[in-house]
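Everything on this sheet refers to the single structure shown next.
The values are calculated or read from the model by the stated rules, or taken from the named source; none is laboratory data. Not measured: the values here are computed from a predicted model. SASA here: full protein model, heavy atoms, side chains in, ligands and nucleic acids out. Shrake-Rupley method; radii C 1.70, N 1.55, O 1.52, S 1.80 Å.
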Amino acid sequence: MVESVIRGDESDRDLLTLLYQGFDDATVARRLGVSHRTVQRRVQRIMSDLGVSGRFALGAKAQELGLIPDITPSPNSGGGRTG
């Protein structure tokens, strides 16, 4: 479960990193060269594997486990607040 994500393939970490940067599923899909639905399914699988029930919790858990680098969200991603 958790071990499979921690040891898992690099694409799961890439997906988590892009989500953490604030990119939406469609943008993540384009960057990874997969379908939008594939991104949605992988996010659901990873959330299940890590035992979390939301994307915010997923980001927090992934960061806690060292699955994503300590990065600043992209200013062009649409995430975060302005003003």
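Coupling constants for the range 12-17 follow from the phi torsions by the Karplus curve (6.51 cos²θ - 1.76 cosθ + 1.60, θ = phi - 60°), and in residue order they are 5, 5, 4, 4, 4, 4 Hz; glycine and proline get x. Split the accessible area of the range 14-65 by element, probe 1.4 Å, and carbon with sulfur accounts for 49%.
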